[in-house]
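See structure below.
The values are calculated or read from the model by the stated rules, or taken from the named source; none is laboratory data. Everything numeric in this text was worked out from a predicted model, so none of it was measured. Here the Cβ is made from the backbone with ideal geometry for all residues, glycine too, and neighbour counts use every protein chain on show. Just the protein is used for accessible areas: all its heavy atoms, side chains included, with ligands, DNA and RNA removed. Shrake-Rupley method; radii C 1.70, N 1.55, O 1.52, S 1.80 Å.
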Amino acid sequence: MKRAGLFVETACRQASCANRAPCGDSFLQRQFPAQGHTVLVLSDGMGHGVKAHLLSMLTASIFQGMAGAPQSIEETARMVMRTLPVCSVRRISYSTFTLVDIDHRSERVRLIEYDNPQAFVFREGMPMEVEREAHPYAGSQTGRRQVFYTSSFTMRCGDRLVLTTDGVTQSGLGSDRYPFGWGREAVADFLGGLLRREPEMAPGVWAQRVLDRAVELDGSRPKDDITCVAVQVREPRRAMLCSCPPSLTADIARLADRIRGFEGRKIVCGHLLAQQVAGYWGRELRQRLTSTDPELPPEWEIEGLDLVTEGLLTLSKVLDILEHYAERPRGRGPAYHICELLLASDRIELVVGMRRSNTAAADTETLILRRKVLGAIAQTLERGFAKQVVTTYL
């Protein structure tokens with residue numbers, strides 16, 4: 001989700017109790033573009049295994065389903081707590097939760113925390129304390145007084161947030177060094193030390209380091225389900241992909257200026273379009289002599305562009321790679337190069353040409369196919385890789 005140039009990058013790393021699947025913790029993330037919100041939910045189900053997983057997933061899913069509702073998040077929390085099943089022995093809810101609601105329009109971050117360790121907030125590499133307000137709640141099923149906490153702060157570029165379940169803070173419990181567990185204070189010191197050594201550390205690496213340390217403290221066999229979620233607010237990485245037919249000659253100046261002024265990675269798919277751009281810029285279009293993919297024509301080079309490839313054939317292979325990304329081995333060649341640039345970006349702009357150079361049926365069919373392939377690429381990037389895609393038609 002983007003607002004005022006800021007992007008929220010999230011990474012979740014987990015380990016199951018005794019290394020047995022499934023994990024009893026659940027993490028869900030959902031964007032609400034119409035409302036300008038991103039909602040993150042981390043829930044810890046009581047116990048371990050399938051039952052704990054189902055309970056935590058139920059909790060997280062309820063929050064996700066209600067996140068777009070008009071009531072306040074405090075009222076949402078009360079409604080969820082009324083809905084959660086209660087243990088008949090302990091008389092407590094079967095799952096805990098931490099909810100993060102990021103409002104990209106007001107640039108406010110709001111937290112709701114119930115029985116999970118308090119979230120860690122870092123600004124400029126230093127821990128930042130946020131004021132928490134207690135909300136007592138008497139459960140209708142038990143009459144037991146429960147408390148959830150709310151807090152909020154204005155996000156800034158570079159802010160970081162870490163959410164954990166108690167599998168992190170209680171790791172090492174009973175050891176000589178941490179008889180009462182690792183503890184929130186020691187975890188905060190560990191997080192801060194990582195940032196001091198590597199200020200640009202990616203959220204995925206940050207979360208993995210915490211997870212690895214917690215598992216290590218448990219003797220490499222987790223005594224509880226362990227989850228660490230790392231969040232970073234930063235400038236988005238951008239990419240532009242242009243694929244237009246040669247009939248765009250009348251608009252080439254406007255398009256070439258638009259490409260030149262774009263801040264981010266720049267990809268042109270189509271040899272004739274690349275020729276027009278190179279001619280307008282007064283630069284040489286150079287063909288690479290060898291191709292690393294026998295199925296596709298080789299790449300070209302223009303100063304000012306990150307990648308130039310053939311058009312429809314290459315885009316069709318890009319779509320195939322993205323749709324089967326998890327199960328297929330990584331390869332080489334123009335299509336894989338495009339995928340690398342797109343997946344390394346957060347916000348992707350597709351510029352699609354729709355003008356026909358003539359009335360021939362083949363020309364019309366090519367335009368329709370191009371639009372379908374690029375539309376499918378956009379959907380795959382959004383749904384499968386959580387990318388922000390904006391499509392412009394010329």
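Helix 361-385 axis versus longest C-alpha principal axis of the chain: approximately 20°, rounded to the nearest ten. Among R328, R196, R234, determine the one that fluctuates most according to a GNM of the chain built with springs between C-alpha atoms less than 10 Å apart. Judging by the Gaussian network model, the answer is R328. Its Cα centre serving as origin, region 139-261 has a Cβ charge dipole (Lys and Arg +1, Asp and Glu -1) of approximately 360 debye. Positive-end ranking of P199, F385, F262 along the dipole of the chain, with charges on Cβ about the Cα centre, is headed by F385. Size descriptors for region 278-394, from the alpha-carbon set: Rg then Dmax equal 15.0, 43 Å. Solvent exposure of the chain, expressed per residue, is 47 Å² of accessible area, with all protein chains present and a 1.4 angstrom probe. Annotation for region 119-227: GluC sites (Glu not before Pro) lying in DSSP loop with at most 11 further Cβ atoms inside 10 Å of their Cβ are E124, E129, E131, E200. Translational diffusion of the chain was estimated from the Stokes-Einstein equation, with Rh taken as the Kirkwood radius over Cα pairs; at 4 °C and 1.567 mPa s the coefficient is 55 µm²/s.
Using Cβ point charges alone (K and R +1, D and E -1), the dipole size of the chain about the Cα centre works out to roughly 500 debye. Expressed as a whole percent, the accessible area of the chain that falls on carbon and sulfur atoms is 50 (1.4 Å probe). Ranked by the mean number of other Cβ atoms within 10 Å of their residues, highest first, the peptides 105-118, 255-268 come out as 105-118, 255-268. Once all protein chains are placed together, H337 keeps about 50 Å² accessible to a 1.4 angstrom probe. Per-residue SASA remark: V147, around 30 Å² accessible (1.4 Å probe; ligands, DNA and RNA not included).
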